[in-house]
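Below: one structure, written as structure tokens.
Throughout, read-outs are computed from the coordinates displayed, never taken from laboratory work. Everything quoted here is computed from the prediction, not taken from an experiment.
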Amino acid sequence: MAFLRATSSYEMPVVSGKGVYLRAPNLTDYSVWAQAREESRQFLTPWEPTWPADDLTRASFRRRIRRYHFEIREDRAYPFLLLREADHALLGGLTLSSVTRGMTQTATVGYWMNVRHANRGYMSAALRAVVPFAFNVLHLHRLEAACLPHNGPSIRLLEKVGFGREGLARGLVCINGQWQDHLVFGLLANDPRL
């Protein structure tokens, strides 16, 4: 696994998968990231929390990058941009968040896709690449993911990668202004990989 030195205070890995790679976002990604998020807004709105009014501004992105740096240094989260290997196009993003150490050793997986690259297998490749990183590098025991019960593509993606459906979490996340139930999926370090 190659390592990219982001600052003098922490290192963030570049994780490679089938035709894709994941790396930490940095300030120079702002224009491409903002464009991808803006053109995907309508596609993402049904699945994501309401965006702050200034979400796509340069100042907001700068704050986001500072928060990412802090979370990585503190072993709280590992945010990645998902890029295509062939041309480095921004495909989406994936984050291992809510990292919990101690007796649980868990993290939550979240992801988003650029509408132009959705339903082409890129996120499946990204999840398959990040799972070994989570278990073998971060030494986590469990990964969790949650999605809306009517989000068929996300359900199929998680099950295809090996996450098992574990139940329903009522009112788990405020999506598009409403508290919504979510299906919860889990994957353990010793579960078979699909």
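What the table shows:
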item: Surface/4 of the Cα convex hull for segment 155-194, nm²; result: 3.2 nm²
item: Chain lengthening between Glu38 and His139 when straightened (0.36 nm per residue, less Cα-Cα); result: 32.8 nm
item: Calculated P(r) of the chain - Cα pairs past 20 Å, %; result: 56 percent
item: With 10 Å bins from 0: P(r) over segment 108-161, alpha-carbon pairs, percent; result: 21, 55, 22, 2
item: Amide hydrogen neighbours beyond the local backbone of Asn176, cut-off 5 Å, H modeled; result: Glu48, Thr50
item: Where Rh is the Kirkwood radius over Cα pairs, Rg/Rh for segment 26-113; result: 0.98
item: J(HN,Hα) series, segment 148-153, from Karplus relation 6.51 cos²θ - 1.76 cosθ + 1.60, nearest Hz, glycine and proline x; result: 4, x, 9, 8, x, x
item: Residue-averaged [θ]222 nm for the chain, counting only DSSP H segments that reach four residues, each worth -39500 (n - 2.57); result: -8000 deg cm²/dmol
